[in-house]
Amino acid sequence: MLHAHYFKKQFEKKEIDADSFASELLLPRELLKASIESVTAQSIEEAVLLLSHLYQVSFAAMAYRLHALEMITRAKYEELGKIKPTKLAEAIGRKVPTRPFDANAVLTPLVQQQLKLTTNPRAFTQDVVRKIQEMAYTRYLGSETKGGTDLQTVYDLENAGTVYEKVALWVADNYPLFSQSPQSA
């Protein structure tokens, strides 16, 4: 993708190659095509929004990938580039998720039983919390969409950013840095 950033390197071959690799890795052609066939949407804009949530990429990244795969025209891609995903979500009625992420239900067994993390709050380093966030969102997405077979359910879910924030807050509440033992979950 060609996005301006601080270093203005978006046209360097290395950056273009890296973006192409990331696009293929995150949005493989055959998997994306299969997902598109199973999406029921009222418009292309809505389908792009749904697919971006499903694949956990930005609306712009999904639009770019669909254009690169020649699934949408250049004109449609440029039109999509002018859309604010939050405004689109509101316009199609996706304001409040009806299936919110339940931090206690997912995180208590994940942290205590499966990851067997110590009760020492200092064990929750930035890397550990990030791993917990990724695992929690993956489990939430997988369980709520029945392993990916119910793509329309994605509309009813909280986005990855919200889930990551809830995980960080759960860790902070249950394992405060300045206490010796965890609080009750």
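A short reminder: the numbers here are calculations on the coordinates, not readings from a lab. Note that the structure is a prediction, hence the values are computed from the model and not measured. Cβ placement follows ideal geometry from the backbone for every residue including glycine, while neighbour counts extend to all protein chains displayed.
Count Lys and Arg as plus one, Asp and Glu as minus one, and take only other residues whose Cβ is under 11 Å from that of A60; the net charge is then +3.
Net length available on complete extension from D173 to E37 is 44.7 nm, with 0.36 nm assigned per residue and the Cα-Cα distance removed. Coordinate range of the alpha-carbon atoms in region 20-127 per principal axis, descending: 55, 34, 25 Å. Among residues other than Q133 with Cβ under 12 Å from its Cβ, the summed charge is +1 (Lys and Arg +1, Asp and Glu -1).
Computing FRET efficiency as 1/(1 + (r/R0)^6) for R29 and Q56, where r is the C-beta to C-beta distance and R0 is 25 Å, gives about 0.90. With neighbours defined as other Cβ atoms within 10 Å of a residue's Cβ, the residues E134, E30 order from fewest to most as E30, E134. Given their separation in residues at 0.36 nm each and the Cα-Cα distance between them, K131 and S20 gain 37.4 nm when the chain is fully extended.
Listed from fewest to most Cβ neighbours within 10 Å, the set K33, K76 follows the order K33, K76.
I want to verify the translational diffusion coefficient of region 103-174 in µm²/s; compute it with Stokes-Einstein, Rh as the Kirkwood radius over Cα pairs, at 20 °C and 1.002 mPa s. Estimated via Stokes-Einstein, D reaches 168 µm²/s.
Once the Cα-Cα distance is subtracted from the 0.36 nm per residue extended length, the K82 to R99 segment shows a gain of 3.2 nm.
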